[in-house]
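Below is one structure, written out as structure tokens, with a few remarks after it.
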Amino acid sequence: MPSGDDREPAGVVPAAARDERDEEALRVAAAPAAREGASLRVLSAWVFLEKVGSMATMSDGADRLAADQATATARLVAPVREEFPELTVSEHVVRAGSVSEVLVAAIAGADVIVIGSRRRSHFIGSPLGDVTHAVLYHAHCPAVLVPHP
């Protein structure tokens, strides 16, 4: 927690997860959560046809993609549950208009956020992705970035 902050610990460590590259970030989040007796909240926000506006709601493929995302998140979390059996882990899979917005809202009041950091493939602008940049800019708690190999 930032110095001078007199909030009570929330007891929840949120971690952002998108795919198998985030498995290490989940382990990094799980270790202190287990040690401190907190729970781990795995957040997986996904965007479906973000550029087509209202047309996206007409597609029945969104339900199938939501189920696929939930299955993928459960598969990603399974090794963490096995490694930390005493840890309470919850999964939150959310279809979003903005992944950044969902993550920033979800960490309100958190003690720390853990997020896998993807590097951009080009050298123009910030080396951090838009989501990581937004979380760092708006978070009112410490953020732990776990770089992907």
- Message: Given (1) farther than 14 Å from ALA33 by Cβ; (2) in contact with a strand residue (DSSP E or B) (Cβ under 8 Å, 6 or more places away or on another chain); (3) open to solvent by 20 Å² or more (accessible area, probe 1.4 Å); (4) polar (S, T, N, Q), identify the lone condition not met by THR88.
- Response: (1)
- Task: Being touching a strand residue (DSSP E or B) at 6+ places or on another chain (Cβ under 9 Å) and over 21 Å from GLU20 (Cβ atoms) is the filter; apply it to the range 91-101 and report the residue that is least open to solvent (accessible area, probe 1.4 Å).
- Result: SER100
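The values are calculated or read from the model by the stated rules, or taken from the named source; none is laboratory data. Predicted model, so just to flag it, every value in this text is computed and none were measured. No Cβ is skipped: glycine too gets one built from the backbone with ideal geometry, and neighbour counts run over all protein chains shown. Please note that ligands, DNA and RNA were not included when accessible areas were found on the heavy atoms of the full protein model with its side chains. Shrake-Rupley method; radii C 1.70, N 1.55, O 1.52, S 1.80 Å.
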